[in-house]
Structure formats: structure tokens, C-alpha cells
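This report concerns only the one structure given below.
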Amino acid sequence: MAKSRFNKGKAYHGSDDVQNGKLKGETCRTDYFYFLCPTCEGKQVLRVLEYEVRDHEEENKYNESFKVKAIDGFTLAFHLHCENCGFDDFTKISNIGLQHGDLREQQWSGCNFITHEAPDEVQVEDGEKL
């Protein structure tokens, strides 16, 4: 497997600065979406320096739970930077994770994103169980 060009092939994960609702964004006068710097005052726009298709699935595994079907499944990763303050971080957008409901009611507890049922234990990336 070829080394990824994204983030110069180095590992990455969004920091606490972009988790728990701290990273926000909005559209402006167009339909383009802009991420806003979580550390600057006001609404400083973050530059997207690069992106990567982290995951692509020919079939979206959540389609069986919904009336309207997604064409496929994907996760996109973005490298974000603020020219104003130097903030530099990562975030992801996906249609193979959280699929519905009021975001304020969602907790990162490893709950099933369709049924909202929590498992007995949560598997994390390094194999450690919570």
C-alpha cells in the first residue's frame, strides 16, 4: 500500500479544539460551507489545506434503516489552518457515522448511531476497551 500524501504521511487526529461542538461553520452568501476558527474572536474562516478520502464504501451500511438512500458511504478528512492565529488541526465529515437525531442528545459513548443503544464496552482505535 502506498504511503498517503495527506499530512505528509504522518498520523493525524482532530484535537480537543475541534471536538465536543467546538468546531463550527456556516455558509455565507453562497452555498459554500466554511469552517470557523475555534480559537479566534469573531468568525475567522479556516483554510482547508488538503483533504483525503479516508474511507469509501460502494454500499452505505445505513441505507437499510432509512427511506432515502445514500449513493455510497464515505469519510473525508480535512487539514484546517487559520492564517490569523496559526491554529492548525484536522476534522472529518462522513455519512457512515451519525445519521439522524438531535445532535445535542448525542453523546460520545460509543452508542449505536441508528438505535442509540450503548454497547457493554467501546472499542477504540488502539484496541483498548473502555
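Laboratory data are not the source of any read-out in this text; all were calculated from the coordinates shown. Because the structure is predicted, anything quoted here is derived from the model rather than measured. Note that we place each Cβ from the backbone using ideal geometry, even for glycine, and neighbour counts take in every protein chain shown.
Quick notes on this structure:
- Close amide H partners of Tyr34, meaning residues 5 or more places away or on another chain with modelled amide H under 5 Å apart, are Glu26, Thr27.
- Stokes-Einstein D in µm²/s, Kirkwood radius over Cα pairs - the range 13-99 at 37 °C with 0.692 mPa s viscosity: 228
- Treating r as the C-beta distance of Lys10 and Glu64 and R0 as 30 Å, the FRET efficiency rounds to 0.25.
- Extension reserve of the Cys28-His56 stretch, reckoned as 0.36 nm per residue once the Cα distance is removed: 7.2 nm
- Once backbone amide H atoms are built at 1.01 Å from N, Arg54 has Thr75, Leu76, Ala77 as its partners under 5 Å, excluding neighbours fewer than 5 places away on the same chain.
- In sequence order, calculated HN-Hα J values of the range 54-64 (Karplus, 6.51, -1.76, 1.60; Hz; x Gly/Pro): 6, 8, 9, 10, 4, 10, 7, 5, 8, 4, 5
- Per-residue HN-Hα couplings for the range 83-93 [Karplus 6.51, -1.76, 1.60; θ = phi - 60°; Hz; x = Gly/Pro]: 5, 6, 10, x, 3, 8, 7, 10, 8, 10, 10
- J(HN,Hα) series, the range 26-40, from Karplus relation 6.51 cos²θ - 1.76 cosθ + 1.60, nearest Hz, glycine and proline x: 6, 8, 10, 7, 10, 8, 6, 9, 10, 7, 10, 5, x, 10, 7
- Burial ranking of peptide ranges 62-71, 76-85 (average Cβ count within 10 Å, highest at the top): 76-85, 62-71
- When the listed pairs Lys43/Lys92; Lys61/Lys92; Lys8/Lys61; Lys22/Lys67; Lys69/Lys92 are checked against a 28 Å cut-off, the alpha-carbon distance exceeds it for Lys8/Lys61; Lys22/Lys67.
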